Amino acid sequence: MAQIPASPPKTDRADSLVNQVMAHIRQRIGNRSLVAGARIPSIRQSAETMGVSKSTVVDAYDRLVAEGTLISRRGSGFFVAGQTAPLSIAQLAPKLDRAIDPFWVSRQSLNSDDAVLKPGCGWLPPDWMPNDAIRRALRHLARGPDATITDYATPLGLLPLRDHLARRMAEHGITPAPGQIMLTESGTQAIDLLCRLLIEPGDTVFVDDPCYFNFHALFHAHRAHIIAIPFLADGPDMAAFEHAAEQNRPRLYVTNSGLHNPTGASLSPVKAHRLLKICEKHNITIIEDDIFADFETSPAPRLAAFDGLENVVHIGSFSKTLSASIRCGYIATNPDWIDKLLDLKIATSFGGGNLSSALVLSVLRDGSYRKHMEHVRQRLARAMTDCASQLDVLGITPVTPPGAGMFLWARLPHDMDAANLAHAALKQNIILAPGNVFSLSKSAGSLMRFNVTQSLHPRILAFLNHEITRAAGC
């Protein structure tokens, strides 16, 4: 005998009735029985017609106003909002003819929906993140002081989180006082503020070649003169770096010491010492982006540890390991610059986010975070092995031996043009990361960055196999 399902909770029933009223109004607008500017039935009329309470209709109308379907006129009632042109699906799709530039991968990945595969993106899949810990933290903060969920943070940011960050940095030999750490909305905002402080339009800055493409975009936004230094398996080409420093008097150099993006390489101690000497000689400030620190299995040397935060600024965020939705980064630097950075932060974003920093602190303090990262590192190691093996079968080979982290920097067979391959992939709802988006010199035309956590979908491998087979037959 079929079991009669239990009645839904009262709140669920109420929501269901509200949704029914909303659907009825939308349907009438859709079939043109209610046109733009038309007054819709009063709350009392709709309640009687649909057999629901007035409060249900009020709730439905309020939600329709909030979403822009209706407008409310005090004393007159509710009216259908002005019609907007229907949004074409083509407008939502990635622009297939967009040029390969520093924004290419970001635009495609951020604008796409869940049906699009993203082996070229720079983040972990949602089910790899500590979602249960985040939900626990949200529930805990919801029960806490109102100021946490409503007020601006202090300009430096939440002190307990800065204390915690100072202890984390000490594990890598970096020893800032909490007063030398300023919280930011992201790692990107950290670099933006440092650019505002340290360079003027026309100043020369150094980046690695290849490097994270948004470094190019940020420096272009600040109208800097960008010079790319070849990046090798253990750090920058020091002969090229020193020669360029002597010729160009750069103000800044930005790099990843550990788990370099996109190559996955790490800076060697020998190169770290030599790099610091050259930068000290030529008065070059180094921005050390440490966003991938928690993915390391064997920690690389940190420039900020050798330098003591004199000429090195150490930055990071938690978008890769905790959540990209919780915007929280940091800057650790010498005391002389902190006050100026605070003024810039207030001028450009006023106050920081109390809720985001409290949420990050709650998760970091949760004993599950370290276990979460241990599990992520184990999964990444397996994914790296599997991805390298599957790509090798197709003739795609790593430029440097695959190590920790999520990126595999690899060469395509048959001198294939990675940009052309990426454009072809977009037509199949696959977003790849062609090498030249990372290379200012455009010397990575047959290279590709693969995110090993997002590259093993059968449709991706089938597409690559088809394109490589076709290239081999040409």
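The values are calculated or read from the model by the stated rules, or taken from the named source; none is laboratory data. Given the structure is predicted, the values throughout are model-derived calculations rather than measurements. Cβ atoms come from the backbone with ideal geometry, glycine included; neighbour counts cover every protein chain shown. When the accessible area is computed, the model is the full protein with side chains, heavy atoms only, and any ligands, DNA or RNA have been set aside. Shrake-Rupley method; radii C 1.70, N 1.55, O 1.52, S 1.80 Å.
Beta carbons within 10 angstrom, averaged per residue: use that to sort the peptides 267-277, 205-215, highest first. Provide the component values of the computation, followed by the final result.
On the way: 267-277: 16.9, 205-215: 24.4.
Averaged packing, sorted descending, gives the order 205-215, 267-277.
Across the stretch 307-316, coupling constants 3J(HN,Hα) worked out from phi with the 6.51/-1.76/1.60 Karplus curve, θ = phi - 60°, read 8, x, 6, 8, 10, 10, 9, 9, 10, x Hz, and Gly and Pro carry x. Using a Förster distance of 41 Å, how high is the FRET efficiency between residue 442 and residue 324, based on the Cβ-Cβ distance and rounded to 0.05? Computed FRET efficiency for residue 442 and residue 324 comes out at 0.90.
Residue 343 to residue 66: extension gain in nm, 0.36 nm per residue of separation minus the Cα-Cα distance? Numbers along the way, then the final one.
Numbers: separation 277, 0.36 × 277 = 99.72 nm, distance 3.62 nm.
Between residue 343 and residue 66, full extension yields 96.1 nm more.
Modelled label positions at residue 31 and residue 233, each set 7 Å beyond Cα in the direction of Cβ, lie 7.1 nm from each other.
Of the lysine pairs in the chain, how many meet both conditions: Cα atoms under 21 Å apart, and a spacing of 8 or more in sequence or different chains? Could the numbers behind the result be given before it?
Numbers: 10/54; 95/118; 95/427; 118/320; 118/427; 271/281; 320/371.
Pairs that pass both the separation and distance tests number 7.
Residue-wise HN-Hα couplings along the stretch 181-189, as the Karplus relation 6.51 cos²θ - 1.76 cosθ + 1.60 with θ = phi - 60° gives them from phi, are 10, 10, 7, 10, 6, 5, x, 5, 5 Hz; Gly and Pro carry x. Database remark: amide H of residue 203 closer than 5 angstrom to the amide H of 225 (H placed geometrically; neighbours at sequence offset of 5 or more, or on other chains; Pro and chain starts carry no H). Amide H contacts for residue 70 (H built 1.01 Å from N in the peptide plane; partners 5 or more residues away or on another chain; cut-off under 5 Å): 65, 81. Label positions at residue 136 and residue 469, each projected 7 Å from the Cα along the C-beta direction, are separated by 4.9 nm.
Spacing of the modelled spin labels on residue 246 and residue 350, each 7 Å from Cα toward Cβ, amounts to 5.2 nm.
Work out, step by step, the length gained on full extension between residue 16 and residue 147: first 0.36 nm times the residue separation, then minus their alpha carbon distance; give nm to one decimal. Write out the running numbers ahead of the final one.
Numbers: separation 131, 0.36 × 131 = 47.16 nm, distance 3.34 nm.
Result: 43.8 nm gained on full extension.
Specify which residue in the list 314, 36, 364 is farthest towards the positive end of the charge dipole of the chain, using unit charges on the beta carbon of Lys, Arg (+1) and Asp, Glu (-1), about the Cα centre. Final value for the positive-end residue is 36. Shown here: the chain, whose C-alpha atoms stretch 82, 62, 54 Å along the first, second and third principal axes, sorted largest to smallest.
With θ taken as phi - 60° and the Karplus curve 6.51 cos²θ - 1.76 cosθ + 1.60 applied, the whole-hertz 3J(HN,Hα) list for the stretch 353-365 is x, 4, 5, 5, 5, 5, 5, 4, 4, 4, 6, 5, 6 Hz, x standing for glycine and proline.
How much length is gained on full extension from residue 223 to residue 168, taking 0.36 nm per residue of separation minus their Cα-Cα distance?
Here the segment from residue 223 to residue 168 would lengthen by 16.4 nm.
Peptides 433-443, 31-41 ordered by packing proxy, namely the average of other Cβ atoms within 10 Å per residue, highest first: 433-443, 31-41. The stretch 25-41 and the stretch 269-337 have their alpha-carbon centroids 58 Å apart.
Taking amide H atoms as placed 1.01 Å from N in the peptide plane, the amide H of residue 316 lies under 5 Å from those of 290, 330, each 5 or more residues away in sequence or on another chain. Dividing the summed -39500 (n - 2.57) terms of all DSSP H runs of n ≥ 4 by the residue count of the chain sets its mean residue ellipticity at 222 nm at -13500 deg cm²/dmol.
A straight line joining the Cα centroids of the stretch 44-65 and the stretch 172-186 runs 53 Å. Of the solvent-accessible surface of the chain, computed with a 1.4 Å probe over protein heavy atoms with every protein chain present, carbon and sulfur atoms account for 52 percent.
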